[in-house]
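What follows draws every value from the coordinates through simple rules; no lab data is involved. From a predicted model like this one, the values you see are computed outputs, not experimental measurements. A quick note on method: Cβ atoms are made from the backbone with ideal geometry, for glycine too, and the neighbour counts reach across all protein chains shown.
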Amino acid sequence: MSAVVAYLDVAATTRVDPRVAEVVLHWMTEDFGNAGSRTHEYGARAKKAVQQARSFLADTVNAKTEEMIFTSGATESNNIALLGLAPYGEKTSRKHIITSAIEHKAVIEPLLHLQETRGFEVDFLQPGSSGRISVEAILERLRPDTLAVSLMHVNNETGVIQPVAELAEKLRTTPTYLHVDAAQGYGKVPGDLTAPIDLISISGHKIGAPKGIGALVTRRRGWDKVPLEPIMFGGGQERKLRPGTLPVPLIMGFYEATKIFHESRENWEREARAMRERILEALGKTRFRLNGDQTHTVPHILNVTFDQLNAEALIVRLKDQVAIATGSACTSASYTPSHVLKAMGLPDDVAANGLRFSWFPPQTRDFDPLPIAETIAHMQPQEN
């Protein structure tokens, strides 16, 4: 791929920070011990490092060290949270779950599995054209048998922020657990995740860490643990919820990436907003619509539909200039209309042609959106 192609698909993944890569390499080639090894110094150093990382990462969401377990990423965390809570729901006859129709497939598919094979009833709430689920809409659906609410923090296609902090405060006084898929919002909207959310899924590769590492926060309610059961077995690591040898290099990379992002977050947000303004100014040369509530959105994601243009054709035309996507990388092989935009009630021609621009300062500091906008404007049919 040509070096001149600007990468504007960080909602899919970010480049690993070189400083993070250096840390990962160190724990692969020098301090390479197994954190479960108790008979020598290699294992002891690895165990101590993992505990340091766990403590720091837990503190970023105002959780206790023992409330965070490491996973391979948000998808696994979502599955542990939702499928692991299901046995408790079955035992207590609480088999009703509330979620939204705009969740990532890593939430929708486990919930469909529970609905289709284990008799759970799942409400998939529609957000309307704003792309934002209201707290009131969720509270109206609560029932005595509602086991959990699962609501994403930031939508991966539109960047719209969901009211998870407000919802957490409301649900804390009920027996209903709240699970939040925070893959896109972790680090970027940090205050929300310090709210009393019971279960938080986190992914490292959205903030400059390697792929394959994430976490699940399992926050206690007083002395009571969230009643999760494991969905895998074999070793008992991570409080018996996620067995397997801990990937120390990836954990330390996640730790380093989070420290770097935490220290630079204010600059990141300022630069992200400045880039957003430059892109929108350039797009003034085109005919477009923004999808989703722009008053409740992260600064680094835009979802745009261009009048009378096919999104896939546009991506092909722009491939030598910019890397962008139509939506979730997990469903990019499918050219069907976005399930997120369709759930927002947008027409098929809009839902099928939404383009997502997402950027990660300072890596895109020198990107000039004007040539892209000029190409798009040239492709659009002239108005009569």
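Quick notes on this structure:
- Under 5 Å, built H, 5+ apart or other chain: amide partners of Val322: Ala6
- Computed [θ] at 222 nm, deg cm²/dmol, the chain (DSSP H ≥ 4; -39,500 (n - 2.57); rounded to nearest 500): -11500 deg cm²/dmol
- Under Karplus coefficients 6.51, -1.76 and 1.60, residue-wise ³J(HN,Hα) of the stretch 195-211 in Hz, glycine/proline x: 5, x, 7, 6, 9, 10, 9, 10, 10, x, 7, 8, 10, x, 8, x, 5
- Approximating the spin labels as points 7 Å out from Cα along Cα→Cβ, the Tyr88-to-Asp145 distance works out to 1.9 nm.
- Descending semi-axes in whole angstrom, ellipsoid equivalent of the stretch 162-287, from the Cα gyration tensor: 32, 21, 13
- HN-Hα J in Hz across the stretch 18-24 - Karplus 6.51, -1.76, 1.60, θ = phi - 60°, x for Gly and Pro: x, 5, 5, 4, 5, 5, 4
- Amide H to amide H distances under 5 Å link Ser150 with Ile98, Thr99, His179, where only residues 5 or more positions off or on other chains count and H is placed in the peptide plane.
- Gaussian network model of the chain, springs between alpha carbon atoms under 10 Å - residue of Arg265, Arg356, Arg141 with greatest fluctuation: Arg141
- Considering only the stretch 18-258, percent of DSSP beta bridges that pair antiparallel, nearest 5: 40 percent
- Top of Arg221, Arg38, Arg94 by mean-square fluctuation, Gaussian network on the chain, Cα under 10 Å: Arg38
- For the stretch 1-116, the calculated P(r), taken from all Cα-Cα distances in 10 Å bins from zero up to the bin holding the longest distance, is 10, 25, 30, 23, 11, 1 percent.
- Tilt relative to the chain, helix 370-379 - C-alpha long axis, 0 to 90 degrees, to 10: 60 degrees
- Taking the chain as a Gaussian network of alpha-carbon nodes connected by springs under 10 Å, the highest mean-square fluctuation of the residues Ser100, Ser129, Ser77 belongs to Ser129.
- Leading residue at positive end of dipole, the chain (Cβ point charges), from Ile69, Ala137, Thr13: Ile69
- Tilt relative to the chain, helix 74-91 - C-alpha long axis, 0 to 90 degrees, to 10: 50 degrees
- Folded to 0 to 90 degrees: helix 41-59 orientation relative to the chain principal axis, Cα: 60 degrees
- Length gained on full extension, Ser134 to Asp224: 29.6 nm, using 0.36 nm per residue less the C-alpha separation.
- In sequence order, calculated HN-Hα J values of the stretch 230-243 (Karplus, 6.51, -1.76, 1.60; Hz; x Gly/Pro): x, 10, 9, 9, x, x, x, 5, 6, 6, 6, 9, 9, x
- Ordering Thr336, Thr39 by the number of other Cβ atoms within 10 Å of each residue's own Cβ, fewest first, gives Thr39, Thr336.
- Computed about its Cα centre, the charge dipole of the chain is approximately 900 debye, with only Lys, Arg, Asp and Glu carrying charge at their Cβ.
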